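Please read the structure below before turning to the comments.
The values are calculated or read from the model by the stated rules, or taken from the named source; none is laboratory data. For clarity, every value in this text was computed on a predicted model and none was experimentally measured. Virtual Cβ from ideal backbone geometry, glycine too; neighbours counted across all protein chains shown. Protein only, heavy atoms only, side chains kept; ligands, DNA and RNA dropped before computing areas. Shrake-Rupley method; radii C 1.70, N 1.55, O 1.52, S 1.80 Å.
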Amino acid sequence: MKHVETRKEKLQLFIRILWPIMITQVGMFAMNLVDTIMSGRVGTDDLAGVAIGSSLWMPIFTGINGILLAVTTIVAQLIGSGRRDRISETVTQGLYLSMVLAFLVVISGIFLLEPILSIMNLTEAVNHISFHYLIGLSFGIVPLFLASVLRNFFDGQGFTRITMIIILLAVPFNVFLNYGFIFGNFGLPALGGIGAGYATAVTYWIILVFSIWMTFKVSAIKHYKIFVKWMKPSWTTWKEQLSIGIPIGLSIFFEASIFSVVTLLMGILFTTVTIAAHQIALSFTSLIFMIPLSISMALTIVVGFSVGGGKLEAAKQYGRLGVLGGIGFLAVGAVFLYFFREQIAYIYTEDREVVLMAGQFFIIAIIYQLSDAAQASLQGVLRGYKDVKIPFIIAFTSYWIIGIPAGYYLAAYTRLEPFGLWVGITLGLTFAAIGFQIRLQIVQRRAELEIAKKTLSSK
């Protein structure tokens, strides 16, 4: 990356960093999409079981990955300020930290998974599929988190195409493994929806192998000597990463968990058909959301790079570009979603009752996605400034104090029923977007004052 002056150059740099992230995110989500579609072809129970399992796993995955995103922010600012000598230590300590976090997740799952599933009003078949889907997936947790650190290392320097190449290489393996483990092809056991968990775990190992290989093969990367130059674990470095990463992780967790909690409430309050329809709508809208999410990740890189170099006006320009771009893309996507909602649902299932209900969920999703695009982009800008603690409070309040309670009330006590939960999601995301915009204005003013003070003191 390099500092540029004109708006045209900024747009070109932003797009150059953004498009590989988009392909990467769509590719990663495609693996989850394959799980859902193939499981749905086995049966409604398998679709619902994978839906419940995914809903329990995704907030954990995204939360921990959010903690590890501190590596992106730190590396981007180190690059922007010219302190490249600290990057190797940052990445190595991030790898250590990721293994500790993976261990804690596995231990927690051993003790908590069965009790959590037991309190839900699931059929025996759905409960069984959910439990064993997650057991299979757990074998890939360690490589997933290690690969996440390496991805953040690549992305923080602007080498987003490296991760894109890795994911494009891994997706065909995931399709192949799903086809084998779910349907019993290629001599593998036919495990139904459970097989999706094992296929995903093996794919995570493949992604890690490709990621490590890239650290040795790419000339702009290998001089950092990752996996060659080792150092002792450092609590001081962990503390720095956790101070940035934990608020990010919790913010992402609270956002991701509202969708998971909604799925779990669907399981408690409504039928298997409702769970399946909800999962279809959530799966496809999440695929569309990969674009504004990618914009958010690209914003963290370019804003962090600009702030690290003292280019605050450039940081503001990148922020406006990204936020408006994310909202604009979802506005176009909303039109497509409205007119093709039933055709999209038929990709997942042939059950007419499920398709009709999914179509109704899609209509509500059109509204909430615009707020989702705005809040995701704004969070990306704030992370570039290393401002993470207040956004965490905003996220918690919006999602859990406003969104979930409102959604539960509307679902349990009004005629909206399951659709009330999605209305609650919309309210939470909207309040979050407003809160993040207000916070960003405060952070930008504060950064400008700090630069002005440094300028005066140097004269």
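Only a single criterion out of (1) free of Cβ contacts under 8 Å to residues at least 12 places away in the same chain; (2) touching an Asp or Glu at 6+ places or on another chain (Cβ under 8 Å); (3) not aromatic (Phe, Trp, Tyr) is not satisfied by Asn178, namely (1).
Of all residues in the stretch 75-97, those being surrounded by 20 or more Cβ atoms within 10 Å (Cβ to Cβ) and either touching a His at 6+ places or on another chain (Cβ under 8 Å) or at pLDDT below 90 (or both) number 5. Pairing residues of the stretch 438-455 that are more than 14 Å from Lys311 (Cβ to Cβ) with residues that are charged (D, E, K, R) and open to solvent by less than 80 Å² (accessible area, probe 1.4 Å), at Cβ distances under 6 Å and at least 6 apart in sequence or on separate chains, gives Val443/Asp387. Summed over the stretch 39-67, the residues that are surrounded by fewer than 24 Cβ atoms within 10 Å (Cβ to Cβ), of a type outside the set (Asp, Glu), at pLDDT 85 or above and over 21 Å from Phe145 (Cβ atoms) give a count of 1. When restricted to residues that are buried (at least 18 other Cβ atoms within 10 Å of the Cβ) and acidic (Asp, Glu), the stretch 1-17 contains 0. Residues in the stretch 319-350 that are of a type outside the set (A, V, I, L, M), open to solvent by less than 10 Å² (accessible area, probe 1.4 Å) and within 30 Å of Val307 (Cβ to Cβ): Gly319, Gly322, Gly326. For the stretch 371-421, filtering for residues that are under 28 Å from Gly325 (Cα atoms), open to solvent by 40 Å² or more (accessible area, probe 1.4 Å) and not aliphatic (A, V, I, L, M) leaves 6.
Checking the stretch 264-283 against the condition returns no match, with no residue being among the small types (Gly, Ala, Ser), closer than 24 Å to Pro418 by Cα and surrounded by fewer than 22 Cβ atoms within 10 Å (Cβ to Cβ). The residues of the stretch 355-391 that are of a type in the set (Val, Ile, Thr) and within 16 Å of Thr285 (Cα to Cα), listed by number, are Val355, Ile363, Ile364, Ile366, Ile367. Within the stretch 60-103, restricting attention to residues that are of a type in the set (Gly, Ala, Ser) and under 20 Å from the mean Cα position of the chain (by Cα), the residue that is nearest to Lys2 (Cα to Cα) is Ala76. Counting just the residues of the stretch 104-137 that are surrounded by fewer than 19 Cβ atoms within 10 Å (Cβ to Cβ) and hydroxyl-bearing (Ser, Thr, Tyr), which one comes out nearest to the chain's Cα centre (by Cα)? By that ranking, first place goes to Ser108. For Val261, the conditions (1) part of a helix (DSSP H, G or I); (2) modelled with pLDDT of 85 or more; (3) of a type in the set (A, V, I, L, M) all hold with the exception of (2). Please determine whether any residue of the stretch 206-227 is modelled with pLDDT under 95 and farther than 27 Å from Arg16 by Cβ. Yes: the stretch 206-227 contains one or more residues that are modelled with pLDDT under 95 and farther than 27 Å from Arg16 by Cβ.
Looking at this structure, is Leu287 of a type outside the set (Val, Ile, Thr), part of a helix (DSSP H, G or I), in contact (Cβ under 8 Å) with a residue 60 or more places away in the chain and open to solvent by 50 Å² or more (accessible area, probe 1.4 Å)?
No.
Residue count for the stretch 211-246 satisfying the condition of being surrounded by fewer than 19 Cβ atoms within 10 Å (Cβ to Cβ) and either free of Cβ contacts under 8 Å to residues at least 60 places away in the same chain or polar (S, T, N, Q) (or both): 15. Among residues of the stretch 150-163 that are more than 13 Å from Gly384 (Cα to Cα), those with a Cβ under 6 angstrom from a residue that is basic (Lys, Arg) and open to solvent by 20 Å² or more (accessible area, probe 1.4 Å), sequence gap 6+ or separate chain, pair up as Thr163/Arg151.
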